[in-house]
Amino acid sequence: MSLFKGIRFFLLPDKSKNRTLKNILGFSPSNMALYEQAFTHKSIVNETNEDNKVSNERLEYLGDAILGAIVAEFFFNKYPYQEEGFLTKMRSKLVNRTYLNDLSIDIGLDTFLETSADTSRTKSIFGDAFEALVGAIYLDKGYSTCRKFVINKIIKDYVDVEQLVHMETDFKSKLVEWCQKNKKRFEFIVQELENGNGKYYRCQLMINKQLQTTAEGKSKKLAEQNACSVYFIENSI
């Protein structure tokens with residue numbers, strides 16, 4: 001693969017960076033270095049070997065925790081009479097990697113990302129950047145501003161919550177039923193990998209011994225679910 005396949009550079013002058021980010025965030029960033037790190041994929045760091053380049057993996061780790069807390073609180077307040085199981089499912093639907101990827105593209109974060117990875121194959125890359133952005137906002141402005149961004153600029157503007165209630169998320173069960181109905185055989189080939197944040201899993205979905213799609217997740221189960229989700233979306237099933 002060419003070094004520049006799928007690459008996107010965020011090379012605007014500093015004032016333009018602030019102006020563009022302000023439109024998305026709803027406030028002016030104070031520490032631009034945090035946001036540049038949030039949009040720096042590990043592929044760039046690995047290939048350039050620049051000492052001042054730091055990938056977004058640590059910010060992604062932080063943002064994942066912060067985003068989960070904000071989303072949990074949002075649904076807790078919105079549905080005061082629903083039980084824990086419903087609230088957990090709603091949170092999982094919104095922070096699902098496939099959903100976050102689509103959300104990130106809708107917001108326009110894909111145009112900021114600095115990467116040399118093939119974005120057509122690395123399905124989690126935009127969702128990871130979104131979590132890293134949440135981590136950057138938290139460090140730059142604190143929890144209150146971060147919470148306002150997620151709820152007011154993301155959930156209220158981009159998320160159809162009522163549609164989310166009815167959205168299917170158990171794509172693995174759907175795949176089992178679909179394969180049985182269409183007389184096809186499937187299997188998952190899962191690799192356990194490791195990066196600076198610990199272990200993660202990469203899943204290849206094979207149907208009739210042919211590779212259909214590849215996805216990643218923080219657990220084996222999540223990687224399989226993500227692979228199934230991507231397959232159904234790509235094939236409009």
- Task: Would you please list the contacts, defined by Cβ atoms under 6 Å and residues six or more apart or on different chains, that run from a residue in region 139-163 that is of a type in the set (Gly, Ala, Ser) to a residue that is surrounded by 15 or more Cβ atoms within 10 Å (Cβ to Cβ) and assigned to a helix (DSSP H, G or I)?
- Result: none
- Task: Could you tell me whether any residue of region 114-135 is without any contact (Cβ under 8 Å) to a residue 40 or more places away in the chain and more than 25 Å from Leu21 (Cα to Cα)?
- Result: no
- Here are Phe188, Phe149: which of them is of a type in the set (Phe, Trp, Tyr) and assigned by TED's automatic domain parsing to the domain that holds Phe76? Phe149
- Item | Residue among Tyr99, Tyr81 that is among the hydroxyl-bearing types (Ser, Thr, Tyr), in the same structural domain as Asn23 (by TED's automatic domain parsing) and not in a helix (DSSP H, G or I) | Tyr81
- Taking the stated definitions as given, is Phe86 in contact (Cβ under 8 Å) with a residue 60 or more places away in the chain and among the aromatic types (Phe, Trp, Tyr)? no
- Message: Yes or no: region 193-205 includes at least one residue that is in a helix (DSSP H, G or I) and polar (S, T, N, Q).
- Response: no
- Verdict on Glu234 being among the acidic types (Asp, Glu), in contact (Cβ under 8 Å) with a residue 12 or more places away in the chain and loosely packed, with under 14 Cβ neighbours inside 10 Å: yes
- Query: What single numbered condition from (1) in a strand (DSSP E or B); (2) without any contact (Cβ under 8 Å) to a residue 40 or more places away in the chain fails to hold for Thr213?
  - Reply: (2)
- Does at least one position in region 220-236 carry a residue that is in a helix (DSSP H, G or I), β-branched (Val, Ile, Thr) and either farther than 23 Å from Lys42 by Cβ or outside the structural domain of Lys181 (by TED's automatic domain parsing) (or both)? yes
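The values are calculated or read from the model by the stated rules, or taken from the named source; none is laboratory data. Computed from a predicted structure; not experimentally measured. Ideal geometry is used to build each Cβ from the backbone, glycine not excepted, and the neighbour counts take in all protein chains shown.
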